[in-house]
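The values are calculated or read from the model by the stated rules, or taken from the named source; none is laboratory data. Predicted, not measured: the structure shown is a model, and the values here were computed from it. Backbone-built Cβ (ideal geometry, glycine too); neighbour counts: all protein chains shown. Side chains included, ligands, DNA and RNA excluded: accessible areas come from the protein's heavy atoms. Shrake-Rupley method; radii C 1.70, N 1.55, O 1.52, S 1.80 Å.
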Amino acid sequence: MRMIVNRLAAFGLKTGIGHYTNQLLEHLWELAGDDVIDPYPRGLLGLARSLTLSLRGYLHRQRNDGAATTPSVNTSAAVSRRRQLLQLMRQCTRAMSIGTFRAVCSWNRYQLYHEPNFIPIPSDLPTVVTVHDLSVLLHPEWHPADRVTWFEKHFQEGIRRCQHFLAISENGRQEIIRHLNIAPERVTRTYMGVRPGLAPLPQEQVQASLKRLGLPPQYLLYLGTLEPRKNVLMLMHAYCSLPDSLRARWPLLLVGTW
């Protein structure tokens, strides 16, 4: 079998799906045997994608910085121009991705396409998609507006092109069956694995790292994106409601990205 896996989510600053995609590919390669499992994009296409994501990330940060300053006519106009440029880049990137993806699939005669990030690229190949959850559909208020708009435009169309679905939990599987009206035999539950290296470190290494980072022996850590669905505000409220003595012993560290 010849399979292609879309790893676009693993480019740039990785979120959970980006790490999922990388680990999935590594373990598929270990189990492949005589099967061919190729990532898309790679080579020059992968480099072009990385450069595009870097530019989009810069424009996105500039847009957010501009929106956070004191409003003015000039600032509003600049934010609007950046938003329009970002939308144009997304449209151009999607159009280019569809064309190059179809060409790559044709040249290499792939037989199966796996999309690990919700919405597959349009193709003629039998397609398997990982749907991590349906929160964008069920709770759009938890997500950024541009993501909600993207799903409204492309998710249902992408679902119709898929032959099979992977869910990362039984609850997620039941949501797909119930809300997308997908036959149960077309949805497989595949639990997340534990990445190699995620284990307790030797105590001397821990102590050295804490000292280098200026951290106390005990602390609470939030690591993730800063989005409404993560409910970081509730975390802050809960932490602030703790007695002063506990907060002194367990400082809270927030490490997040937009």
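State which residue is most open to solvent (accessible area, probe 1.4 Å) when the search covers only segment 202-224 and only residues that are modelled with pLDDT under 90 and among the hydrophobic types (A, V, I, L, M, F, W, C). Among those that are modelled with pLDDT under 90 and among the hydrophobic types (A, V, I, L, M, F, W, C), it is LEU223.
Residues that are under 22 Å from HIS19 (Cα atoms) and either among the aromatic types (Phe, Trp, Tyr) or touching a Gly at 6+ places or on another chain (Cβ under 9 Å) (or both) occur in segment 161-177; there is at least one. Output yes when any residue across segment 118-128 is out of contact with any Gly (no Cβ under 7 Å at 6 or more places or on another chain), surrounded by fewer than 19 Cβ atoms within 10 Å (Cβ to Cβ) and modelled with pLDDT of 95 or more, and no when none is. Yes: one or more hits. If you check LEU253, LEU233, LEU215, LEU210 for being out of contact with any helix residue (DSSP H, G or I) (no Cβ under 7 Å at 6 or more places or on another chain) and assigned to a loop (DSSP other than H, G, I, E, B), only one passes: LEU215. Which one is nearest to MET192 (Cα to Cα) among residues in segment 148-172 that are out of contact with any Ser or Thr (no Cβ under 9 Å at 6 or more places or on another chain) and surrounded by fewer than 14 Cβ atoms within 10 Å (Cβ to Cβ)? Of everything passing the filter in segment 148-172, GLU170 is nearest to MET192 (Cα to Cα). For segment 225-252, the set of residues classified as open to solvent by less than 80 Å² (accessible area, probe 1.4 Å), in contact with a strand residue (DSSP E or B) (Cβ under 6 Å, 6 or more places away or on another chain) and under 22 Å from HIS19 (Cα atoms) consists of THR225, LEU226, listed by residue number.
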